[in-house]
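The next block holds one structure in the form of structure tokens; read it before the comments.
What follows is calculated from the coordinates using simple rules that are stated; it is not laboratory data. Please read all numbers here as calculations on a predicted model, not as lab measurements. Neighbour counts run over all protein chains shown; Cβ positions are idealised from the backbone, glycine included.
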Amino acid sequence: MTGVAALRASAMSDPAARGRATSLVLGLVVLWPLLVIAEFKPAAIFEAQNLKTMAGFLAAFLPPETGQEFLVYLGRATLETLAIATAGIVLAFALAMPLALLTTRVLSVAEIGPGPGRRRAQALHYLLRAVLTVLRGIPELVWALVFVRVFGLGPAAGVLALALTYGGMLAKVYAEILESGDTRPARAILEAGGSRLQALLYGLLPGTAQELTSYTVYRWECAVRASVVMGFVGAGGLGQLMDQAMKMLNGGEASTILLTFLALVLAADALSGFLRRQVGEAGTGGRRSGIGSVGVLLGLAGAAAAAISFVYLGIGFGALLTLESLRSIGDFTASFFPPDLSPQWLSRVGYGVIETLAISAVGTLLAVVGGVVLALPASGRYGLAAEQFARFFLNTLRSVPELVWATLTALSVGLGPFAGVLALALHTTGVLGRLFAEALQNAPPQPRDALRDAGAQPAAAFLYGTLPEVAPQWLAYALYRWEMNIRMAAILGFVGAGGLGQLLYFELSLFHYAQACTVIVAMLLLSIAVDAASAGARRRLA
Amino acid sequence: MNHTLRRLALKGAFVCALASFLVPSLIGSAAAQENVLRVSAIPDEAPTELQRKFAPLGKYLEKETGMKVSFVPVSDYAAVVESLATKKLDLAWLGGFTFVQAKIRTNGTAIPIIQREEDAKFTSKFVTADPNIKSYVDLKGKTFAFGSPSSTSGHLMPRFFLQQAGIAADKDFRNVAFSGAHDATVAFVAAGKADAGVLNASVWDKLVEAKKVDTDKVRVFATTPPYFDYNWTVRGDLDPALVKKLTEAFLKLDSKNPEHAEIMQLQRASKFIPTKRENYDGIEKAAQSAGLLK
């Protein structure tokens with residue numbers, strides 16, 4: 001071979017080929033067992049028999065059920081869902097405020113320097129932070145499932161479940177927000193001998209109130225979605241109706257409930273956006289005028305909504321605090337301990353963890369593929385019509401919660417892990433597609449244009465001009481969603497989609513609380529591990 | 001001015017928050033004292049359907065007991081049991097297995113008072129769409145659908161009778177699914193999602209009557225021996241006078257009486273008969289040997 005030919009050959013071949021091939025092979029080696037565990041059998045979707053069942057069920061969606069009796073139930077359930085979300089957030093706020101106050105490091109005199117109570121204060125901080133981790137590490141659906149047993153049927157369980165999970169979440173984020181701002185005023189107040197509360201009110205709140213309010217309102221919006229889903233375990237509201245309609249294959253009722261749900265989520269979205277904009281304006285324009293009249297009005301409206309929610313749900317918190325009910329809560333909690341740590345049970349739970357991981361990983365991968373495919377038209381590359389259609393499609397995918405998708409996919413491919421994979425993939429495609437499209441639109445056009453001007457094909461211009469710009473962002477989004485999907489996969493089992501949720505549901509149904517406790521602990525450890533891993537991964541990406 | 005306004009707003013918000021805590025708790029505890037009979041049922045059918053079916057019976061019980069009757073719809077079997085045990089319910093429509101669970105969780109105090117004549121000799125049907133499945137042994141290595149894990153006729157008794165026939169549900173099936181409800185099990189078998197499944201005979205008959213199942217495709221290949229199923233149970237510390245009133249009210253129901261006919265038809269009952277705890281000892285033993293009770 002002449003030197004020139006060799007040079008040309010090496011110029012034509014991809015210098016990174018070797019590395020890429022290795023990672024491709026490695027990827028396949030890792031992916032293969034995941035696919036097996038997740039029972040990935042796409043052919044099942046297209047089997048004539050399954051298509052027919054699915055088509056029959058979907059055909060029954062039309063016309064939506066509009067019987068008056070049903071609409072009355074539906075109306076009541078919708079109000080209940082809203083009230084659960086609102087009351088839950090109010091309680092979560094009440095729980096989060098003191099916890100945030102106690103765990104924010106910049107509000108602690110002991111953290112400033114060595115003093116007599118420093119060790120003790122730090123130990124207390126770690127303890128409280130651990131409590132927060134437990135509160136938000138256990139999914140709200142699990143709390144709801146447990147509370148339904150203790151507090152009886154209906155919305156009380158949902159409200160308390162939201163209060164605990166969201167209380168833990170709010171407290172953590174409040175503390176982060178409070179620590180991220182300018183902390184010097186707070187420190188000055190503390191050093192001048194001011195109290196913790198004074199340092200918060202006059203040192204930290206003025207700078208962070210806007211962000212805190214905004215985040216709280218955003219969480220309320222999330223709570224509306226979550227309170228729908230909690231109905232699946234008997235905690236009242238729309239979810240309970242939806243669960244039954246789906247199980248009984250009542251298409252007409254299912255479609256009316258689904259439409260109501262979509263309208264509710266869109267309305268909550270819009271209201272939350274409006275409120276956050278109001279808060280934003282108050283922050284920029286109105287700092288000198290204090291809270292401002294709009295703020296006072298909104299605050300009063302919020303307080304009224306909260307009061308109405310509690311009255312509407314008629315939860316007897318007084319009755320919860322009687323000696324007798326406290327004892328029954330105590331007995332109930334005690335029956336969970338000690339957890340079953342026998343080798344057989346641990347190995348089953350261990351397999352459940354692996355199954356949960358496999359479901360989430362395969363579901364997220366499928367969603368990445370689907371997201372890229374839909375993001376291209378949604379970013380406007382193929383004209384306005386394609387863009388509008390793709391966006392509408394993505395919004396629909398995204399608006400239906402994973403649990404609802406799972407009841408549908410279980411119908412089409414049968415109960416089991418694969419139904420969970422598809423449910424995660426469908427919802428996540430909606431989320432990732434939109435984020436991917438935004439990243440595409442924000443990518444600088446120069447590299448691509450330069451390649452096109454140099455005569456490159458559109459595909460090559462995309463691969464070498466645009467893709468490198470957006471890839472890191474896409475990867476970050478995908479990792480973040482994977483993290484959320486692991487948590488979600490743990491509970492999809494409640495509707496029969498495999499993993500830890502199915503184990504938990506089965507054991508709780510049979511009152512095998514020691515076994516259920518092991519599963520809950522496994523969910524908690526998984527959530528903590530994922531938290532730590534993703535924080536590490538993001539630090540490396542950043 | 002601004003400070004006073006801000007302080008006022010803060011105070012107002014604080015008072016509102018406090019009020020939103022205290023007011024409902026006062027209202028709530030007051031409501032619990034009222035003269036209300038709280039009734040629920042295990043969700044073997046849609047809650048809307050259960051509520052509709054219960055409405056005339058509820059009115060009848062209101063008249064007979066002189067109490068307000070409120071029906072609490074549920075979607076979780078176990079929640080009904082736990083609510084009875086924690087005295088959140090007074091009267092509940094339970095299955096045989098859920099009754100045994102309730103008995104255990106109330107330390108033996110829950111009292112079954114009444115059942116339909118049909119419940120004393122209840123059966124389950126094994127169904128399949130696979131022509132090669134003709135008996136229990138053919139089920140080895142197949143996928144199988146039960147109803148809810150807490151169901152007597154959709155899970156416990158079939159599992160027990162399979163075990164008697166030498167089939168261990170956890171080992172011998174390729175995959176076990178819980179469809180959640182009896183009619184869902186039929187849908188799974190009809191669509192070939194599960195090779196075979198099992199459901200309560202009464203729901204099967206109802207589906208066949210209503211032509212909701214294609215009997216050319218899905219057929220019954222085995223029927224279990226009879227066992228005791230559903231009953232109406234009260235919590236053990238309910239006023240004995242009230243328990244007596246309730247029992248008599250059910251026993252008085254007569255399908256020949258036109259006023260009662262609607263109630264009986266909705267409950268799918270020809271006659272209500274008294275029942276006792278001992279009737280369910282067989283179910284308890286079955287649950288123990290099937291490993292569902294620990």
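Data table
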read-out: Spatial separation of Cα centroids for segment A:20-89 and segment A:514-542, in angstrom; value: 25
read-out: DSSP H segments from chain B that extend 15 Å or more along their own axis, Cα-based, with Kyte-Doolittle mean of -1.0 or above; value: B:2-33, B:240-252
read-out: Solution diffusion estimate, µm²/s, Stokes-Einstein, segment B:123-223, Kirkwood Rh from C-alpha pairs, 37 °C, viscosity 0.692 mPa s; value: 253
read-out: Choice from B:VAL176, B:VAL234, B:VAL208 with maximal GNM fluctuation in chain B (Cα, 10 Å cutoff); value: B:VAL208
read-out: Ascending count of other beta-carbon atoms within 10 Å, so fewest first, for A:MET169, A:MET246; value: A:MET169, A:MET246
read-out: Protection proxy ranking of B:121-133, A:464-476, A:354-366 - average other beta-carbon atoms within 10 Å, highest first; value: A:354-366, B:121-133, A:464-476
read-out: Cα convex hull volume per residue for segment B:166-215 (Å³); value: 88
read-out: Zone residues, segment B:64-95, relative to B:GLU248, backbone N less than 17 Å from point 7 Å out along Cα-to-Cβ; value: B:64-67
read-out: Overall form of the protein assembly as shown per C-alpha gyration tensor (a/c, 1.5; a/b vs b/c); value: oblate
read-out: Loop trypsin sites (Lys or Arg not before Pro), segment B:195-241, which have at most 10 other Cβ atoms in a 10 Å radius of their Cβ (DSSP); value: B:LYS211
read-out: For segment B:126-145 and segment B:227-283, distance of Cα centres in Å; value: 36
read-out: Axial C-alpha extent at least 20 Å, average Kyte-Doolittle at least -1.0 - helices from chain A (DSSP); value: A:17-37, A:68-103, A:118-137, A:155-180, A:205-230, A:251-285, A:292-313, A:343-378, A:384-399, A:417-442, A:467-492, A:513-541
read-out: Around A:ALA459: net Lys/Arg minus Asp/Glu count, Cβ-Cβ under 14 Å; value: +3
read-out: Mean shadow area of chain B over all directions, Cα convex hull, nm²; value: 21.1
read-out: Taking the convex hull of Cα positions in segment A:366-441, its mean projected area over all directions (nm²); value: 4.6
read-out: Cross-link reach list, aspartates and glutamates versus B:LYS171, counting only Cα pairs under 20 Å and skipping chain neighbours closer than eight places; value: A:GLU39, A:GLU355, A:GLU507, B:ASP138, B:ASP195
read-out: In nm, spacing of pseudo-spin labels at A:ASN395 and A:GLN198 (7 Å Cα→C-beta vector); value: 5.2
read-out: Cα centroid separation, segment A:204-230 to segment A:329-405 (Å); value: 23
read-out: Chain B, dipole about Cα centre (Lys/Arg Cβ +1, Asp/Glu Cβ -1), debye to the nearest 20; value: 680
read-out: Theoretical FRET efficiency, 1/(1+(r/R0)^6), r = Cβ-Cβ of A:TYR126 and A:VAL30, R0 35 Å, to 0.05; value: 0.50
read-out: Summed residue charge, Cβ within 14 Å of B:TYR60's Cβ, Lys/Arg positive, Asp/Glu negative; value: 0
read-out: Estimated distance in nm for a label pair at B:SER270 and B:ALA165, the labels positioned 7 Å out from Cα along Cα-to-Cβ; value: 2.7
read-out: Among the listed pairs B:LYS121/B:LYS142; B:LYS63/B:LYS88; B:LYS87/B:LYS256, those beyond 27 Å (Cα-Cα); value: B:LYS121/B:LYS142; B:LYS87/B:LYS256
read-out: Distance in nm between pseudo-label sites at B:ASP138 and A:ALA263 (7 Å out along the Cβ direction from Cα); value: 5.0
read-out: The protein assembly as shown - charge dipole about Cα centre, Lys and Arg +1 at Cβ, Asp and Glu -1, debye rounded to 20; value: 1580
read-out: Debye, to nearest 20: dipole size of segment A:398-468, +1 on Lys, Arg Cβ, -1 on Asp, Glu Cβ; value: 40
read-out: Of every Cα-Cα pair in segment A:422-542, the percent that sits beyond 27 Å; value: 41
